[in-house]
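Structure first, then comments.
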Amino acid sequence: MNETLTQLKDRFEQALVAAFGDELAGTDPILVPASNSKFGDYQSNVAMSLAKKLGKPPRAIAEQIIQQLDVADFCHPPVVAGAGFINLALKTSYLEAQLHAIHTDPRLGVARSQHPQRVIVDYPSPNIAKEVHVGLLRPSVIGDCLARILEFLGHDVIRLSHIGDWGTPFGMLIAYLREAYPEALKESNDIDLGDLSSFYKAARKRFDADEAFQERARLAVVQLQAGDEETIQAWKIVCDLSNRTNRKIYDWMGLSPEIQERGESFYNPLLLGVIEELDRLGLLVKDSGAKCVFLDGFTNKEGKPLPLIVQKSDGGYNYATTDLAAIRYRTEVDQAQRVIYPVGAEQTNHFAQIFQVGRRAGWITDEVEFFYAPLGSILGEDGKKLKSRSGEAVRLIDLLNEAIAHARNDLETRLKEEGRQETEAFIANVANVVGIGAIKYADLSQNRTSSYIFNYDKMLALQGNTAPYMLYAYVRVQGISRKGEINFAELGTDAAIVLQDEAEFTLAKHLLQLDEILSAVEIDLLPNRLCEYLFELSKKFNQFYDRLPILQAEEPQRTSRLILADLTARTIELGLSLLGISVLERM
RNA sequence: GCUCCAGUAGCUCAGUCGGAUAGAGCAAUUGCCUUCUAAGCAAUUGGUCGCAGGUUCGAGUCCUGCCUGGGGCGCCA
């Protein structure tokens, strides 16, 4: 109900001017959702804030405001309460009309942004030379979710993966490819992709054991930098191997297929220009053989200004250089208005540094918002960063598989208890959707900035703020449809919605708040707010479902309740889809 | 040493631009299935919001200091 809020704010501003004169024009009426439903639907806190300025008690100010306030088309008469709060309660007829409007709207009342922007979302940047591990879970799940939400709100979203596809590790892999799979360079040969990690491990083993091999690897890097054709071909084969493996996992996780790979190799030709431009601007300083930009507000352990090294003393570039090139390209060529980096919180300094240099170089202007969205870590039960038993990084694929196995186990136990028979295809599908959904939801439902302890049992729990709980609410609605042979699409656009019971009001009001939540997420990029909203929605639906008969109800309640149930299911489906999670008809 | 982040119920965590009596889930205790999937609903118990000051009509939220934990701090990404 963004539109309702906007209109109410206008009315308040008019009332403020009418009551106290033009100098209060443009005063924010501090209109927020009521802190407690017993106070109504919205409250204005403006009277308290004006007390000092106007030299009157807040309650008197509030009284004067509501005398001038005309909201009769939306609300019951406003009430002054407490220290000077102005409470507003929406009229039933208004709520019913709003529900009717969203019922016939495929977007469920969520308007497209009036100021669409070109937004770049920075997807995780796996080092292509390694198999993806758990460290990529949060950036990919949260980045994907933010991209989906912004796109749904009408923004032009570009999804870019800044993959590590260049540099030293590739020398080793290219050298190993030449040695172990010489035929791969002759014809287009299929290498077993599931074996990416053993390919990497084997290469690593050769590299560590054999000095001559190390020399060949170094040579390969030089050849790669020099653009040697055969080396480039080998490099492409290795990239391909990795990309296809990663893509498989991305697809399985349900990440958007529209991710564009724009890795380090893409920026490689632009790096020299970055250095030259920094030099031209007088920002570049040579220090101990390295080219640096000295930073404002950062010091090293001795208290001296800290440099950001953009070209190493051996002439090589590092990640700061590539990131700066990306900043420049994204503003100058992509013309992005907002660039979002959901990246681990450990990199707070790095982003503050490159943004500072980007600003001083004139690449970041007031016209573009560079938004670093720090992510907390995924921790093990010991409260330390999640590691496998052997102390290595946990492979993402193992994590997904284990969640699915847990979900399958839960489902099979329940089927046995209930004496249900289901096909293997049904069981496999439910386990897959629940398992993947649970992992993603567990990640998204935490405030993105805080770390959380990874626990299969909690994320797959069927009660609480979890994916299965929401899926279950959705399934319940579909059960009504099957049982009553209701086609929700045919309920009719002129069917009346009647709100009588408290549970109906509570559910209905919540259904109308989706656009407010999405607007909040659009600004602060915290997906856990959407999760919270969906959890509340599911709870309110379950209360409604528990208290009120639907199929057995008399008309007009029956149709009205069917519409509320349908709206709930569609809201959950839309909400979960924005989180990147699928729904199930039965579970 | 500098710097960033965190500290809220036994546990895991929310907490909007500072707003009314700080909320969920789990765990514990107890009710509710001849009725649309009980993977649910209802009820009870549980708090010095790390500590001390300050700003404010009003502070979990803003400011200062301190304590504790974690991250980062010159050629890895």
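The values are calculated or read from the model by the stated rules, or taken from the named source; none is laboratory data. Since the model is a prediction, treat every value here as computed from it, not as a measurement. Cβ placement follows ideal geometry from the backbone for every residue including glycine, while neighbour counts extend to all protein chains displayed. For the accessible areas, the whole protein counts, side chains as well, though only heavy atoms, and no ligand, DNA or RNA atoms are used. Shrake-Rupley method; radii C 1.70, N 1.55, O 1.52, S 1.80 Å.
Which of the residues spanning region A:39-78 are under 19 Å from A:Asp22 (Cβ atoms) and open to solvent by 30 Å² or more (accessible area, probe 1.4 Å)? Can you show your working first?
The first filter runs over region A:39-78 and keeps only residues under 19 Å from A:Asp22 (Cβ atoms), leaving A:46-47, A:49-50, A:53-56, A:61, A:64-65, A:67-70.
Matches in region A:39-78: A:Ser49, A:Lys53, A:Leu54, A:Gly55, A:Lys56, A:Gln64, A:Gln67, A:Gln68, A:Asp70.
Every residue, every condition in (1) among the aliphatic types (A, V, I, L, M); (2) modelled with pLDDT of 95 or more; (3) more than 7 Å from RNA strand B (Cβ to nearest atom), yes or no:
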| residue | (1), (2), (3) |
| --- | --- |
| A:Glu277 | no, yes, yes |
| A:Arg280 | no, yes, yes |
| A:Gly289 | no, no, no |
| A:Thr299 | no, no, no |
| A:Leu306 | yes, no, no |
| A:Leu324 | yes, yes, yes |
| A:Asp334 | no, yes, yes |
| A:Gln347 | no, no, no |
| A:Asp366 | no, no, yes |
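Please state which one of A:Tyr533, A:Tyr545 is under 28 Å from A:Ile439 (Cβ atoms) and within 16 Å of the chain's Cα centre (by Cα). Break it down into steps so the answer makes sense when it comes.
On the way: A:Tyr545 fails: within 16 Å of the chain's Cα centre (by Cα).
Checking each option against the conditions leaves just A:Tyr533.
For the structure I just gave you, tell me whether A:Glu532 is more than 11 Å from RNA strand B (Cβ to nearest atom) and either open to solvent by 20 Å² or more (accessible area, probe 1.4 Å) or polar (S, T, N, Q) (or both). Break it down into steps so the answer makes sense when it comes.
Details: more than 11 Å from RNA strand B (Cβ to nearest atom): no; either open to solvent by 20 Å² or more (accessible area, probe 1.4 Å) or polar (S, T, N, Q) (or both): yes.
Spelling it out, it is not the case that A:Glu532 is more than 11 Å from RNA strand B (Cβ to nearest atom) and either open to solvent by 20 Å² or more (accessible area, probe 1.4 Å) or polar (S, T, N, Q) (or both).
Do any residues in region A:473-484 that are closer than 9 Å to A:Tyr545 by Cβ have Cβ atoms under 7 Å from those of residues that are of a type in the set (A, V, I, L, M, F, W, C) and more than 7 Å from RNA strand B (Cβ to nearest atom), where the two are at least six apart or on different chains, and which pairs are they?
Going by the 7 Å Cβ cut-off, the qualifying pairs are A:Ala473/A:Phe541; A:Ala473/A:Ile572; A:Val477/A:Ala565; A:Val477/A:Ala569; A:Ile480/A:Ile486; A:Ile480/A:Ala565.
May I ask you to list pairs of residues, at least six apart or on different chains, whose Cβ atoms are under 9 Å apart, with the first in region A:55-84 being basic (Lys, Arg) and the second being open to solvent by 40 Å² or more (accessible area, probe 1.4 Å)?
From region A:55-84, the pairs are A:Lys56/A:Gln64; A:Arg59/A:Gly82; A:Arg59/A:Ala83.
If you take the residues in region A:314-373 that are open to solvent by 10 Å² or more (accessible area, probe 1.4 Å) and of a type in the set (Val, Ile, Thr), which one is nearest to A:Val134 (Cα to Cα)?
A:Val343
Looking only at region A:450-497, count how many residues are in contact with a His (Cβ under 8 Å, 6 or more places away or on another chain), under 23 Å from A:His406 (Cα atoms) and not charged (D, E, K, R).
2
Restricting to region A:1-51, and then to whatever is within 7 Å of RNA strand B (Cβ to nearest atom) and polar (S, T, N, Q), can you tell me which residue is nearest to A:Gly84 (Cα to Cα)?
Here the answer is A:Asn45.
Just checking, which of A:Arg148, A:Arg159, A:Arg138 is among the charged types (D, E, K, R), outside any loop (DSSP other than H, G, I, E, B) and either assigned by TED's automatic domain parsing to the domain that holds A:Ala489 or within 30 Å of A:Ala202 (Cα to Cα) (or both)?
Working: A:Arg148 fails: either assigned by TED's automatic domain parsing to the domain that holds A:Ala489 or within 30 Å of A:Ala202 (Cα to Cα) (or both); A:Arg159 fails: either assigned by TED's automatic domain parsing to the domain that holds A:Ala489 or within 30 Å of A:Ala202 (Cα to Cα) (or both).
Result of the check over A:Arg148, A:Arg159, A:Arg138: A:Arg138.
Being over 20 Å from A:Glu96 (Cβ atoms) and either open to solvent by 70 Å² or more (accessible area, probe 1.4 Å) or part of a helix (DSSP H, G or I) (or both) is the filter here, so list the residues in region A:550-561 that pass it. Lay out the reasoning, then the answer.
Initially, region A:550-561 is screened for residues over 20 Å from A:Glu96 (Cβ atoms), giving A:551-552.
Passing the criteria: only A:Gln552.
Could you grab the pairs with beta carbons closer than 8 Å, sequence gap of 6+ or different chains, first residue in region A:284-310 and among the hydroxyl-bearing types (Ser, Thr, Tyr), second one within 8 Å of RNA strand B (Cβ to nearest atom) and open to solvent by less than 70 Å² (accessible area, probe 1.4 Å)?
A:Thr299/A:Leu306
Go through A:Lys440, A:Lys416 for me and flag whichever is under 20 Å from the mean Cα position of the chain (by Cα) and not in a loop (DSSP other than H, G, I, E, B). First the steps, then the outcome.
Working: A:Lys416 fails: under 20 Å from the mean Cα position of the chain (by Cα).
Just a single option satisfies the conditions, and that option is A:Lys440.
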